[in-house]
Amino acid sequence: MICPMEEEFQIELRQQADYRFEVHFDNPAVPVLITDEDAPVGADTGPSPTRLLGTAVANCLAASLLFAMRKFRNEPGPLRAVATVRLSRNENKRLRIGHIGVDLHFAMAASQVQMLDRILSQFEDFCVVTQSVRAAIPVDVRVIDATGTVVRASGTVGSAA
């Protein structure tokens with residue numbers, strides 16, 4: 001997975017009605033996405049920007065963990081990621097994302113994973129979205145194996161899903 005040092009891309013949003021937007025990505029193979037604000041402001045016809053941010057963090061972490069596990073010749077089975085996004089009010093009483101917790105579940109026992117310590121010590125550093133978001137929002141990450149054992153917990157811990 002080689003990425004350029006710097007990259008730029010565009011995403012175009014076209015308003016359809018009220019708070020509903022069509023999202024067009026710069027890759028024509030990617031289908032149009034409909035977004036909307038939650039009711040009562042919007043009509044709940046698609047994920048809200050807040051939900052999309054939680055999705056982006058969880059997806060990036062899951063992909064990064066999968067890549068790291070495969071790099072060391074592991075087949076973790078289907079991964080499952082659960083993101084919990086906590087909204088809170090700031091000092092001006094404005095609603096903000098106050099915390100994101102992500103639990104990553106893989107379908108094998110930790111004892112079966114080759115190079116697990118190395119994988120767990122570095123996969124988060126390669127997650128572009130999480131590391132960018134962490135500059136402003138606390139993000140906790142837990143990695144859980146097939147036996148239900150938490151094999152890694154990072155961030156402020158105790159708040160993940």
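The values are calculated or read from the model by the stated rules, or taken from the named source; none is laboratory data. What you see is a predicted model, and the numbers here were worked out from it, not measured in a lab. Cβ coordinates were reconstructed from backbone atoms using ideal geometry, including for glycine residues, and neighbour counts include every protein chain displayed. With ligands, DNA and RNA removed, areas are computed over all heavy atoms of the protein, side chains included. Shrake-Rupley method; radii C 1.70, N 1.55, O 1.52, S 1.80 Å.
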Just one listed residue, out of Gly46, Gly54, Gly101, Gly42, is in contact with a Ser or Thr (Cβ under 9 Å, 6 or more places away or on another chain) and in a strand (DSSP E or B), and it is Gly101
The condition of being open to solvent by 80 Å² or more (accessible area, probe 1.4 Å), under 13 Å from the mean Cα position of the chain (by Cα) and either over 18 Å from Gln131 (Cβ atoms) or of a type in the set (Phe, Trp, Tyr) (or both) holds, among Arg20, Arg70, Arg51, only for Arg51
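Restricted to region 75-92, and to residues that are in a strand (DSSP E or B) and small (Gly, Ala, Ser), which residue is surrounded by the most Cβ atoms within 10 Å (Cβ to Cβ)? Talk me through it step by step, then tell me what you get.
Keep residues of region 75-92 that are in a strand (DSSP E or B), which gives 80-89.
From what is left, the residues that are small (Gly, Ala, Ser) are 81, 83, 88.
Numbers: Ala81: 19, Ala83: 22, Ser88: 10.
Only one residue tops the list, namely Ala83.
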- Using the structure shown, decide if Thr35 is touching a residue at least 12 places away in the same chain (Cβ under 8 Å), of a type in the set (S, T, N, Q) and open to solvent by 50 Å² or more (accessible area, probe 1.4 Å). no
If we keep only residues of region 120-141 that are outside any helix (DSSP H, G or I) and charged (D, E, K, R), then the residue most open to solvent (accessible area, probe 1.4 Å) is Arg134
Considering residues that are farther than 20 Å from Leu53 by Cβ and not in a loop (DSSP other than H, G, I, E, B), the number found within region 16-39 is 2
